[in-house]
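A short write-up of the structure that comes next.
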Amino acid sequence: MTVFDKLKILTDSAKYDVACTSSGSDRTMGKNLPGMGSAVSCGICHSFSADGRCISLLKVLMTNYCEYDCQYCVNRHSNDTPRAAFTPRELADLTINFYKRNYIEGLFLSSGVIKNPDYTCERMIRCVEILRNEYHFYGYIHAKAIPGADEALLQRLGFLVDRMSVNIELPSQKSLTKLCPNKSKQAILKPMGLLTNRIRENKAEIVQYRHAPKFVPAGQSTQMIIGATPETDYQILNLTEGLYKKYSLKRVFFSAYIPVADNPLLPSIHTKPPLLREHRLYQADWLLRFYGFEAKELLDEEHQSFHPLIDPKCNWAINHMELFPVEVNKASYEMLLRVPGIGVTSAKRILQARKAGSLDYEGLKKIGVVLKRAQYFITCKGKLAEGLKIREDNLLMSLVSEKGISLLTRQMLDQSYEQLSLFPSGKLSEEDVRQCLKEPI
Amino acid sequence: MPQRTNIIYEYDGSFEGFLCCVFESFEKKELPCDIIPQTQEQMTLAPVREITTDRKKAARVYRSIERKMSVSARELIELSFLTCLPQKERDMLDFFYLGYHYGRQVMNRLTDPTVDRLLKGVKHLTNEAHLTKEFLRFSTRNGMLVAKIGPKNNVLSLIKDHFATRFPNETFLIYDCKHHLAFLHTPRQSGIIPVEDIELEQIDEEERHYQRLWKLFYRTIAIRERYNPRCRMSHMPKRYWEYMTEFQEEEPASPQMETIASPITPPPLEMQNSAPKPKIE
Ligand code: SF4
């Protein structure tokens, strides 16, 4: 089998993994050393594929042979699909040659379970060792921890790579048992916990001995599949928050389920991936990480799913009108962050500009505030925006997210979206959706 | 601020030359209506004064920025000079007047039209520099890595260190065909040099091999069910595509070999439609 054939098969079977970021590590090589490479903490995307996703790393499987039989996975043992395996050196060569042409930031290494978890992990280590020790490669490497592999192997891998991830796969134990006969929640959480502890210990070691080797310096991430199983947004968001708190994860990724098999345990093969839901979860995740929100503020027992048309922050604001309007010239940073239309950058710029004098609406526009949204929630020097009449319908209309409309339209065109039976039956256009939104929801 | 006159300052196009224009304006207590580099063709009836570059004057103005304003003001001025803002020199001169007046507070005056324009221009520049780091592509030609870029702003000095620290042991060249500059790096020395035009050497069989593998990877990694050309375009504007390997037609390799049947299967139809028109160099 040529390297072309292998690359095709092993890319195809790795493409559903979401995490492709190269952030969190900062490294330049020392003077007069052989080799090449550096890592930039903000991460670098080198291209965007036709689906609009960032390509930062060479994301492939070491092999797509797999002993396991996870039902939602294209590589499951029982699936009849072409199989291939890179040798460690083939993959290392490919990485170096892509890297020096500036195609990629490094390698995202994952693998199906070949023979057993230990053997799989050893092959991955071998590839990374060639890169790091033989080619003196200082670029970014993300490795997937293989659940069930020996702790000592995980540790060895951890000292060679920048980031590791253990995928939660599905948002509950029940779904896991149903769909992944060979995996248990325990088998997943154990390596995750191990990595968390080891990363913490290593931080202390580095403080003590400056040259102590670094263990997974860019931290740990995970991902889960959305829409293959019945968990609600509320459950998923709570799980996400728990993972950030308990395991100090750097990122939790969500991946909209794309049907891979006709299986009574899974949604029908004609189901479209729930992209809008995935988008809302990412927005909420952002609110948890950068905006000081807690999961319970965004969803609760009675409201278990996100609003399809309004993003979670706007939705929160509409339900807390008693806190608004806030005076832009006085409000704290934390409160500014909660105003729809003001993001992290514009909130910081408002604080900066206030040092030089008080702000009016014209100034806010220059600073980058989206007045179309923010105007309902702020005053400037005690005044509401001129000509502003707050009626519930135009408030909602102006808060509806463009992305929400386009994704929702797409979804409704693809499948009749039953929860929202506001529309006459028949074909819908984006116009219809917009039209309908003008009516109070 | 003094009265705006109808005089035009003409300088040699260097940063130091521009600083001498600032010197002139403060010394003569006059505001020129424009400041233009000599290279720029200008049809005008307004009187033009040629400002000669004097290193000592330039150094005096330069030192004053940090002293009277702040480090970040100095950075803003230096970066502004690399932008493609129309009449940037005029805005930059106005900024000096603001800066001497308001001192370090000048950087907080985000709603001032001059400060706002410069900040936006610099943001455009630094964004473009970042995107260039991402989308630039090298190809090996005669043992050297070569990349061609066509940025709107003069980004070369902002990206060179990134590549020099990443590939210290390689010999490479980044050629900016819009500003006619190139950054040449060898393991021993490196620097920016003016370049009129560059004739690229042909690629060899190994280079072609990796270009094909990359194109294959690029096509395969996309998930058909999530096809979203609008999203791709907003992250990766079309004007970068013509310099990117994954969108280029295959170059003939030398020495000429029997053509090998392309092992790449064509992408699904709907994706093909979005493929850019290939540019041939
Ligand atoms: S172990 Fe991984 S590769 Fe194997 S079937 Fe399960 S999810 Fe797929």
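Laboratory data are not the source of any read-out in this text; all were calculated from the coordinates shown. What you see is a predicted model, and the numbers here were worked out from it, not measured in a lab. Backbone-built Cβ (ideal geometry, glycine too); neighbour counts: all protein chains shown.
Look at the stretch B:111-119: the mean tally of other chain Cβ atoms within 10 Å of its residues' Cβ atoms is 3. What is the calculated FRET efficiency for B:H180 to B:T5, with r their C-beta to C-beta distance and R₀ = 41 Å, to the nearest 0.05? Efficiency at R0 = 41 Å is approximately 0.80. Angle of helix A:275-290 to the longest C-alpha principal axis of chain A, folded into 0 to 90 degrees and rounded to 10: 90°. In chain A, a dipole from Cβ-located charges (positive for Lys and Arg, negative for Asp and Glu) runs towards its positive end, and of A:C380, A:Y138, A:A84 it is A:Y138 whose Cα lies farthest in that direction. Classify the protein assembly as shown: rounded, prolate or oblate, from the alpha-carbon gyration tensor (a ≥ b ≥ c, eigenvalue square roots; a/c under 1.5 rounded; otherwise prolate if a/b is larger than b/c)? Because a/c hits 1.5 or more and a/b fails to exceed b/c, the protein assembly as shown counts as oblate. Rounded to the nearest 10 degrees, the inclination of helix B:205-221 to the longest alpha-carbon principal axis of chain B is 90 degrees. Note on the range B:182-252: with charges restricted to the Cβ of Lys and Arg (+1) and Asp and Glu (-1), its dipole about the Cα centre is near 820 debye.
Farthest towards the positive end of the charge dipole of the range A:3-293, among the residues A:Y103, A:V128, A:T196, is the Cα of A:T196, using unit charges on the Cβ of Lys, Arg, Asp and Glu. Spin-label model, B:E205 to A:S332: label points 7 Å out along the Cα-to-beta-carbon direction sit 7.0 nm apart. Averaging the sequence gap over all C-alpha pairs within less than 8 Å and six or more residues apart, then dividing by the number of residues, gives chain A a relative contact order of 10 percent. Kindly list the residues of the range A:206-233 that lie in the label zone of A:Q173, defined by a backbone N under 18 Å from the point 7 Å along the Cα-to-C-beta vector. Correct set: A:230-232. Our note on the geometry: Cα centres of the range A:272-326 and the range A:125-193, 31 Å apart. Dipole magnitude for chain A: computed about the Cα centre from +1 point charges on Lys and Arg Cβ and -1 point charges on Asp and Glu Cβ, it is near 1460 debye.
A simple count of charges around A:S184, restricted to other residues whose Cβ falls under 15 Å of its Cβ and scoring Lys, Arg +1 and Asp, Glu -1, yields +3.
The calculated FRET efficiency for B:K68 paired with B:E251, based on their beta-carbon distance and R0 = 60 Å, is about 0.65.
Between A:R126 and A:D5, the simple label model (points 7 Å from Cα in the Cβ direction) yields a spacing of 2.1 nm. Relative contact order of the range A:312-413: 29 percent, from C-alpha pairs under 8 Å at least 6 residues apart in sequence. A:R89 sits among other residues whose Cβ lies under 14 Å from its own Cβ, and their net charge, with Lys and Arg +1 and Asp and Glu -1, is 0. A dipole drawn for the range B:3-127 from +1 and -1 charges on Cβ atoms has a positive end, and of B:L110, B:T39, B:C20 the residue lying farthest that way is B:L110. Put the Cα centre of the range A:5-60 next to the Cα centre of the range B:18-51 and the gap is 48 Å. Taking the Cβ of A:C127 as the centre, find all other residues whose Cβ is under 12 Å away and add up their charges (Lys, Arg: +1; Asp, Glu: -1). Cβ neighbours under 12 Å give a net charge of -1.
Sorting A:356-364, A:267-275 by their mean Cβ neighbour count within 10 Å, with the most densely packed peptide first, gives A:356-364, A:267-275. Taking the range A:226-245 and a reference point 7 angstrom along Cα→Cβ of A:R200, the backbone N atoms nearer than 18 Å belong to A:241-245. Rounded to the nearest 20, the Cβ-based charge dipole of the range B:3-127 about its Cα centre (Lys and Arg +1, Asp and Glu -1) stands at 540 debye. Computed from the Cβ-Cβ distance with R0 of 41 Å, the FRET efficiency linking A:K355 to B:N169 stands at 0.30. Summarising the label geometry, the points placed 7 Å from Cα in the beta-carbon direction at A:H211 and A:E297 lie 4.7 nm from one another. Counting Cβ atoms of other protein chains within 10 Å of each Cβ in B:135-145 and taking the mean gives 2. Ranked by the mean number of other Cβ atoms within 10 Å of their residues, highest first, the peptides B:12-21, B:237-246 come out as B:12-21, B:237-246. Would you look at the GNM of chain A, springs on alpha carbons closer than 10 Å, and say which of A:K178, A:K355, A:K365 moves the most? Its mean-square fluctuation being the largest, the pick is A:K355.
Per-residue shielding of A:105-114, expressed as the average number of other chain Cβ atoms within 10 Å of the residue Cβ, stands at 0.
Peptide packing for B:216-225, A:155-164 was compared via the average number of neighbouring C-beta atoms within 10 Å per residue; ordered from the highest value, the list is A:155-164, B:216-225.
What percent does the relative contact order of chain B come to when contacts are Cα pairs within less than 8 Å and at least six residues apart? Rounded, it is 12 percent for chain B. Can you give the angle from 0 to 90° between the axis of helix A:88-100 and the longest principal axis of chain A, with both taken from C-alpha atoms, to the nearest 10? So the inclination is approximately 50 degrees.
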